[in-house]
Structure formats: structure tokens, C-alpha cells
């Protein structure tokens, strides 16, 4: 009951933030908050694949693109009809219900692609897996370029602006909670065993291919959700937003934060989203901001190659106010 009350309280706070935060702070900072949360979802979901399970995937931008374009197709072509079908509901609820369907559709389409790619390719390891996933991401981007129904090379414009702070904050929290719970479960131990020694894990009876595919599908699902939020925030999707460079940016986030550390992925995603913007205000050297950004990453990797936090995870259970009393020995 107490946990339900906490959940309700957080839900109410999210609604209040969605209602009043844009009026309190500048829209520029709301923009940075939105992009930071989208990058957190991408980094945490990729960390499940690369950090926890130890697979080297370079195709996360492809999953993001599939989720974004499939959800945008749903809301652009079918959204108005669905809203009319739910005309018995208030307009705000009808639009949010359509967006929920788009989120599920985008996530599931990306997860299905992850499954289709994962089953034949995740028997590969290391560099071979990286090449396959990189090729998959580029195939997705080239296919999008040649589909005029979703804009082709011009980009997909006119997407409804359904992304709000409520959805951004809620789905970011949901992603962190889901990946953390999965990592701390018995399945998470299997993921870690695959990362540490795949041959030993197979000798102990663990179906390593199953767990690699599972991590791939879950990570792809949340990448698709991030693509849906991204498209319905900017109201525009363009193939150039999903090149292999985007995948490298997400990989940099999890490496800087520390492979295997969800907390590190969150902090690094925020830092690497805000740092290029902060360097805009350096006056005469602002034209060198990307050089400074790159040098800072190189220095970090030379001085702390395990990332900011390594594999360390804070134990938030110590601050949980509703812990069960421990029996007295």
C-alpha cells in the first residue's frame, strides 16, 4: 500500500511538472531536458546489450529509426481516424491514447527487428557482431531514404507534437526501472555470465544465445520508444539523424559512464548532451567547441579507461523509506 502511494505521488508530481515546468523555466532548458532524457533512454538500453551482456552492437540508431518512423507513420496516417473513433473521450485523452499506441507500435517494431537480426547474428562474437549490427543500421537508413511515403530523402515532416514532459519523464523513469530490475534479477546474472565468460556459461547450462537475443530485443524496444519520443518532439524525422555516427554517440555515453553501470549511463548521457551546448558560451573559442569536446573525451579515456563510475551502482535501497524490518538474530 505504501509503495502504491509513492507511485501515485510520483505520478502526480510528473503531471505537475508537465503542467507548470514549461511556464517556470525557459523553453531552451526544457529542450535540453527533453534531449537529455531521450539520450538517457538510448544509453541505458544500449548498456543492457553492450555493458551488461557484453555484446558489441553498433546498430542502436537503426532501432531508433525504425521506432521513430513506424510510430510517426501510425500517428500521421491513422492518428486522425483513431482520434475520431475515440471522440467519446476528451480530446487530450484521445491524443494521449493514440500516442500510447504509437509508443507501443514503435517499440514493438524495433523489438521485432532486433529479434530478426538477433537470431541469426548473435551466434557471432566481438568484431563480427559489430559489423553485422552496423550493416543493419545502414540498411535501415538506406531503405528509409527510398520510401517516399515517409518522406524519403526529404525527411518525414508534419508529425504531430505529442511528446510532452509527462511522457518524457515517465518513460525515462520506466526505462531505468525496467533495465535495473532486469539486471538485478536471475536473468541479469545470466547476462553477466555471458559477458564474463561465454564458454563457461554454456558449460554451466546457460543458453547464451537466448540471453543475448533477449538483451538485444529489450534494448531495441526501448531504442524504438526513444525514436518515437524524438520524432513526436521535433515533428520531423530525417535519415541523416540516424547514421552510424548516432550509434557511436550512444556508445560513447555508456563508455564514459562505465560499461555495466546504469547510473553511469544516466550521468554520462546528461553530461554529453549538455557539454556541447555549454561550450557555445566560451566566447572567442566557441568555434572550437567540438575540438574541446573531443579532447575532453580522449583525456578521460586515457586517465580513466573504465569510465566515470566503472561498473559501480549506487544502492538506492538504503534510502528507500518503506523497507521491511529485518528479523532480530
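Some notes on this structure:
- No other residue among 41, 8 is at pLDDT below 85 and either in a helix (DSSP H, G or I) or within 19 Å of residue 178 (Cβ to Cβ) (or both) apart from 8.
- Residue that is surrounded by the most Cβ atoms within 10 Å (Cβ to Cβ), among those in segment 228-276 that are part of a helix (DSSP H, G or I) and touching a strand residue (DSSP E or B) at 6+ places or on another chain (Cβ under 8 Å): 231
- Within segment 53-69, being surrounded by fewer than 24 Cβ atoms within 10 Å (Cβ to Cβ) and either at pLDDT 85 or above or on the phi > 0 side of the Ramachandran plot (or both) holds for 54, 58.
- Selection from segment 174-203 of residues that are without any contact (Cβ under 8 Å) to a residue 24 or more places away in the chain and assigned to a helix (DSSP H, G or I): 174, 177, 181, 186, 189, 190, 193, 199, 200, 201, 202, 203
- Checked against (1) outside any helix (DSSP H, G or I); (2) under 19 Å from residue 32 (Cα atoms), residue 206 passes all but a single condition, namely (2).
- Counted residues, segment 119-134 - those being more than 15 Å from residue 248 (Cα to Cα) and either surrounded by fewer than 16 Cβ atoms within 10 Å (Cβ to Cβ) or more than 21 Å from the chain's Cα centre (by Cα) (or both): 8
The values are calculated or read from the model by the stated rules, or taken from the named source; none is laboratory data. The structure presented is a predicted model; accordingly, all values stated were derived computationally and were not measured. Every residue, glycine among them, receives a Cβ derived from its backbone with ideal geometry; neighbour counts consider all protein chains shown.
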